[in-house]
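Scroll down for the structure; my scribbles are underneath it.
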Amino acid sequence: MSRSIVRQSKFRHVFGQTVKAEQGYDDIRVSKVTWDSSFCAVNPKFLAVIVESSGGGAFLVLPLSKSGRVDKNYPLVNGHSGPVLDIDWCPHDDNILASCSEDCTAMVWQIPDHSLTRPLSDPVVVLEGHSKRVGIVTWHPTARNILLTAGSDNLIIIWNVGTGEPLISMDDHPDLIYSISWNRNGSLFCTTSKDRRLRVCDPRKREVVAERLAPHEGIRPMRAIFTRDGNIFTTGFTRMSQRELGLWDPTNFEEPIALLELDTSNGVLLPYYDADASMVYLCGKGDSSIRYFEITDEPPYVHYLSTFSSKEPQRGMGFMPKRGVDVTKCEIARLFKLLDKKCEPITMTVPRKSDLFQDDLYPDTVGPEPAMEPEEWLSGRDEDPLLVSMRGGYVAPKSREFKVSKKNMLDSRPTTRRSTSTLDTNSLPLPSLFWFISPSCSLSLTYFSSLFLYP
């Protein structure tokens, strides 16, 4: 007599649950801009949401404890002159947030520990180097103050935000970049783009070290993230517009480790990866469900676990770092689901009878301290993230002042694609200086002869 053998996994019975209504965040005017980003970023201190705003771009930053109805006059972070497209909290300082916008800039902000009492419009540093809108911003996982931006000019720039300087510029992508993900130690990153290619890039060598044409045969946007062991997890569409997920070995792109068709829907699947549990959560824009999978070394390698379903479709999603979950309730993940006018936290829990700390659920996780300085990373050093224990829960430190020591920015601007009509200023004298923003949004310098300024 045959009997089925059930795969053993401590995450087989993970279940999702929406928090009580009073623990959500109501009356938030979520942005309606047509851009496939998550519109939400969260850490153990704050929730940030890109919102509708007149006269430019803005986002809302709330302390996690400030749940309930949000006052319509609550102050916003509103330094951008165009709609904000992406935001990302610094992994090494819970008060530092990066944003990027259609105004062709990225900005870094320092958020005070208390609630904002007036609109915040002065960023710590403004990063100008793209000639078109900037759609992706992501921090380096282990090096202090290293930030990556990608724009519709198909340019990737890596910055040292501590000095405001561009360190690396890459123009290897001939078409729009959809997503970028660093690997665990920040030595490589992977990208997906409109030319249907999946690329693995080494930023310090300024080269593409591996690429795969059409990991998913459909023409709809793809997403890709690095897993802890160095493989790449992708989401995309088949030729028949069915949504699909894949797992790839970047050292051998010929055949996928796993390829799985899901369903037929238009929404792009945004993957959120939990490196400690080796689980990935798939959230589709316009979907009302969250699927989650476990990635293992055993066939079929990507194992479906369950689906959390709710009534209303999601506009975006935020994913809490592991150090922000509640270990006393066996919570292994917390997602923040954006609806039209509110944000609902969703907890993912492993059912356990014991109230004791569960060592098998909470291995040491990535902590808030950087493993190295920007100069060390740029010189070729690689370090894994510094880990902290989850026993007893995580207490977020108080805000530290973020200092920017600007060098001579005239000598260190990034190389942007300049039109042939741009004036070459290297050979001109420096009697007077006038700044202006060119129609292409790239920052230019024009020197006027002293004959015009001083007749």
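The values are calculated or read from the model by the stated rules, or taken from the named source; none is laboratory data. All values reported here derive from a predicted model rather than from experimental measurement. Using ideal geometry, Cβ is built from the backbone for each residue, glycine included, and neighbour counts are taken over all protein chains shown. Areas reflect the complete protein model, heavy atoms only, side chains present, ligands, DNA and RNA absent. Shrake-Rupley method; radii C 1.70, N 1.55, O 1.52, S 1.80 Å.
A compact table of results
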{"read-out": "Subset tally (residues that are part of a loop (DSSP other than H, G, I, E, B), at negative phi and crowded, with 19+ Cβ neighbours inside 10 Å) for the range 157-177", "value": "3"}
{"read-out": "Any hit, the range 90-102, residues being more than 17 Å from Met317 (Cα to Cα), open to solvent by 60 Å² or more (accessible area, probe 1.4 Å) and more than 23 Å from the chain's Cα centre (by Cα)", "value": "no"}
{"read-out": "Wholly within the range 22-89, strands (runs of 3 or more DSSP E) carrying at least 2 residues that are touching an Asp or Glu at 6+ places or on another chain (Cβ under 9 Å) and within 18 Å of Lys342 (Cα to Cα)", "value": "46-51, 57-63"}
{"read-out": "Single residue of Asp364, Asp340, Asp382 found to be open to solvent by 50 Å² or more (accessible area, probe 1.4 Å), in contact with a Leu (Cβ under 6 Å, 6 or more places away or on another chain) and in contact (Cβ under 8 Å) with a residue 12 or more places away in the chain", "value": "Asp364"}
{"read-out": "Top-ranked residue of the range 201-248 - restricted to ones that are over 19 Å from the mean Cα position of the chain (by Cα) and hydroxyl-bearing (Ser, Thr, Tyr), ranked as most open to solvent (accessible area, probe 1.4 Å)", "value": "Ser241"}
{"read-out": "The range 274-316 - residue that is polar (S, T, N, Q) and within 30 Å of Glu52 (Cα to Cα) and, of those, surrounded by the fewest Cβ atoms within 10 Å (Cβ to Cβ)", "value": "Ser309"}
{"read-out": "Extreme residue, nearest to Val49 (Cα to Cα), among residues of the range 367-379 that are part of a loop (DSSP other than H, G, I, E, B) and open to solvent by less than 40 Å² (accessible area, probe 1.4 Å)", "value": "Pro368"}
{"read-out": "Odd one out for Asn154, checked against (1) assigned to a strand (DSSP E or B); (2) open to solvent by 20 Å² or more (accessible area, probe 1.4 Å); (3) touching a Leu at 6+ places or on another chain (Cβ under 8 Å)", "value": "(1)"}
{"read-out": "Pair list, Cβ < 9 Å and 6+ apart or interchain, from the range 204-224 residues that are farther than 12 Å from Gly246 by Cα to residues that are open to solvent by less than 50 Å² (accessible area, probe 1.4 Å) and small (Gly, Ala, Ser)", "value": "Arg204/Ser187; Arg204/Gly380; Arg206/Ser169; Gly218/Gly236; Arg220/Gly236; Pro221/Ser179; Pro221/Gly236"}
{"read-out": "One residue from Met348, Met390 being open to solvent by less than 10 Å² (accessible area, probe 1.4 Å), at pLDDT below 95 and over 24 Å from Val51 (Cα atoms)", "value": "Met390"}
{"read-out": "Selection count, the range 46-63, where residues are surrounded by fewer than 23 Cβ atoms within 10 Å (Cβ to Cβ) and at pLDDT below 95", "value": "5"}
{"read-out": "Any chance Val77 is among the β-branched types (Val, Ile, Thr) and open to solvent by 20 Å² or more (accessible area, probe 1.4 Å)", "value": "no"}
